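**Q** Here it is, the structure, as structure tokens.
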Amino acid sequence: VKKSVQSIDFDWATKQGHYRRSDKKHKNKDYDLVPGVLDPSLYQLKLQQELAAGQTQFKLWFAKDSRIKNLEFTVTGKGQYQLGDQSYAAIAVERINQPDKKQTKILLIPELNHQIAQIEHIEEDGSSYTIRLSDYRANNKAVQDFYNLIDG
């Protein structure tokens, strides 16, 4: 088993992002940061916050390994999501991936603080994965307070 440590560090004082990978140092890269760019974890929270604020189409700037990528999302409909023995109304969101042919569909549950319930992703070569929420516990007030703190 080959292990790799990867990191993206934001240095806002110098406005530089630093991608580092332990097993492929030739892929290490520095790039300019722009205000509002998010790391891989925060862009999902920002997506939830945008939907909680009633947005139906929006763009997010996301730091990837070697670059900053603009992700565009649009609400495509409604659905249901079964979590344990309870069914929840869900919002269907799709990432607009132009010009590539990748597909990313996301279900979020408004009743559970717009928690991401499912992510389905299909690569251009047809390979795919699905991530599904199997349990959810939260302090609703803390989540709402956090959404209110996220700077738009």
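The values are calculated or read from the model by the stated rules, or taken from the named source; none is laboratory data. From a predicted model like this one, the values you see are computed outputs, not experimental measurements. Cβ coordinates were reconstructed from backbone atoms using ideal geometry, including for glycine residues, and neighbour counts include every protein chain displayed. Remember, those area values only see protein heavy atoms, side chains included, never the ligands or the DNA or RNA. Shrake-Rupley method; radii C 1.70, N 1.55, O 1.52, S 1.80 Å.
**Q** Convex hull volume of the Cα atoms in the chain, per residue, in Å³?
**A** For the chain, the hull spanned by Cα atoms encloses 159 Å³ per residue.
**Q** Per residue, how much accessible area does the chain have with a 1.4 Å probe, in Å²? Numbers along the way, then the final one.
**A** Details: 9820 Å² over 152 residues.
It amounts to 65 Å² per residue over the chain.
**Q** Which one of ASP23, ASP85, ASP32 has the biggest mean-square fluctuation once the chain is modelled by GNM with Cα springs under 10 Å?
**A** ASP85
**Q** Sticking with this structure for a sec: Can you tally the net charge around HIS26? Count Lys and Arg as +1, Asp and Glu as -1, for every other residue whose Cβ sits under 13 Å from the Cβ of HIS26.
**A** Counting the neighbours of HIS26, the net charge comes to +4.
**Q** Here is a further query. Between ILE116, ILE91, ILE131, which gets the highest mean-square fluctuation from a Gaussian network model of the chain, Cα cutoff 10 Å?
**A** ILE131
**Q** Hey, got the Cα dimensions of segment 81-129 along the principal axes, in Å, largest first?
**A** 36, 18, 11
**Q** For segment 1-68 and segment 71-134, compute the distance between their C-alpha centroids and round to whole Å.
**A** Result: 20 Å between the Cα centres.
**Q** Here's something else I'd like to know. ³J(HN,Hα) across segment 33-48 via Karplus (A = 6.51, B = -1.76, C = 1.60, θ = phi - 60°), whole Hz, x for Gly/Pro?
**A** Per-residue couplings from phi come out as 8, 10, x, x, 5, 10, 8, x, 7, 5, 5, 5, 5, 5, 4, 4 Hz.
**Q** Provide the convex hull volume over Cα atoms per residue for segment 1-60, in Å³. Walk me through the intermediate numbers first.
**A** Working: hull volume 6.8 nm³, N = 60.
Here the figure is 114 Å³ per residue.
**Q** Taking each pair of distinct Cα atoms in segment 9-95 once, what is the resulting Kirkwood hydrodynamic radius in Å?
**A** Computed over segment 9-95, the radius equals 15.1 Å.
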